[in-house]
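Reading through the structure tokens given below for one structure.
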């Protein structure tokens, strides 16, 4: 609210919009659109999420550095996860680092684990109120307006991806409302994706181990990498058709 | 008789000195809420319509944004907060003075938007470091 000049605020918003779209103005009304697939285009105001898109994430575990927690910190900053409860098991975990050890030879792999944004999400199947939902572009979310906090989805999720908020909160980010009595999980930074940005964890990964993009678009960076390399869906035996894929596990 | 007259004068004097509260309606008995509009004339709809329908507008918008992913709608809780947060306290809450809370307290309507939504304008949360 420090910016009190409405005209200046408008100009700043317009500038941010142009930067987000990756446009370069050649002449008035004529724009050159950046071809790089790093940032998806910002969805224009008033248009719903498109079912033609399926947002996904490719995580290269061979690049993921042991002991690095940058993705988790980026998630906490972006989504305002700041509570420290007396029982740490009750803290929200939208993303966590896990370590896999091969007992025969001690080979260690670390990777970030979060909501896998299934195409057939068990959390949506079991939700008694319809709060657990999948958006048209494949992002699985909790509608807190209808969530009653029964935690059935937490039991149904094979990836332990969901958390329950146990205590009242006051430090929420304006774009990420969260509160006591509701279940929550990774939103794939839906508020950033809708602005044409990448999820916070992808942007902050110092190793560049995470690729975000449209799985339905064969020309996107993520689709090309999945077509070229051997990638895994965790617990693929459940046939949930995951949006998050791993490489090197 | 003299004592009675003194008492009546005293009573009249206290009534004249005490500040007159604003009352709702013509000859109403209940005090009005203190509503301060920080940036007048910029609302998405006329005040009369906002007073009656803001809850319907927000309810429909929340479903469109949350479920269908439609952004940039004219009615938005964040936009309300950015505009209506008190210049002094930075929030739409606060006992009897915050834009949202003062009216809802007066109307005895429970305001539970802010159990999840951030009531402060321009708030930036810092996450926990591990």
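The table below lists the values:
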{"read-out": "FRET E, pair residue B:64, residue B:109, Förster distance 30 Å, beta-carbon r, rounded to 0.05", "value": "0.80"}
{"read-out": "Dimensionless Rg/Rh of region A:123-181 - Kirkwood Rh, Rg from C-alpha atoms", "value": "0.96"}
{"read-out": "Contact order normalised by residue count of region A:143-232, Cα under 8 Å, 6+ apart, percent", "value": "17"}
{"read-out": "Gyration tensor over alpha-carbon atoms, region A:55-247, equivalent ellipsoid semi-axes in Å", "value": "26, 20, 17"}
{"read-out": "Contour excess over end-to-end distance, with Cα ends at residue A:100 and residue A:87 and 0.36 nm allotted per residue", "value": "2.2 nm"}
{"read-out": "Inter-part distance where region B:54-74 and region A:60-132 are each reduced to a Cα centre, Å", "value": "30"}
{"read-out": "Extension gain (nm, one decimal) between residue B:82 and residue B:34, 0.36 nm per residue minus Cα-Cα", "value": "15.4 nm"}
{"read-out": "Cα-projected label distance for residue A:228 with residue B:47, points at 7 Å along beta-carbon direction, nm", "value": "6.3"}
{"read-out": "Relative contact order of region A:55-247, defined on C-alpha pairs under 8 angstrom at six or more residues apart (%)", "value": "30"}
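Only the coordinates and a few stated rules stand behind these numbers; no lab work does. Since the model is a prediction, treat every value here as computed from it, not as a measurement. Cβ coordinates were reconstructed from backbone atoms using ideal geometry, including for glycine residues, and neighbour counts include every protein chain displayed.
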